[in-house]
Amino acid sequence: MQLARPIEILLVEDNPGDVVLTREAFQDAKIANNITVVNDGEEALYYLNQEGKYSDAIRPDLVLLDLNLPKKDGREVLAGIKENALLKRIPVVIMTSSKAESDVVQTYNLHANSYLVKPVNLGSFAQIVETIENFWFTVVVLPSV
């Protein structure tokens, strides 16, 4: 079910190249979207909790979360999201370079909604973003709050 307004996406990513790839892939998307980028786990939690300079932040419809982040890693951010009654319904897609089974298991135990390994080329990256877009914003029905 497509939302009438642009989709709000929070990208939590410290690698500038991956930020560029993600933005480019979503720019080609069929669904209007706004991407906000934060570069570390601490900033992600400030943003999501609308604290400090993020007091007027828009609650995202989807979080794309890297695991290997400065200050607080992605596992800590995921735990903070899923333990918070106001945030826990926001879908969190792990997008990381890690293929480690322990990371997959740990993030699903922390209630990640999906786990994706980042592809190395733009074509594959664009295909994954299109799949994310189609699944989360066309097929799935999300709560409005």
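Any read-out appearing in this document is the output of simple, stated calculations on the displayed coordinates, not a laboratory observation. This is a predicted model, so every value here is computed, not measured.
Taking the chain as a Gaussian network, Cα atoms linked when under 10 Å apart, which of 14, 40, 103 shows the biggest mean-square fluctuation? For the chain, modelled as a Gaussian network with Cα springs under 10 Å, the answer is 103. The three principal axes of the C-alpha atoms in the chain carry coordinate ranges of 36, 32, 26 Å, sorted with the longest axis first.
Taking a straight line from the alpha carbon of residue 99, these lysines sit under 21 Å away, with near neighbours fewer than eight places off in the same chain left out: 72, 118.
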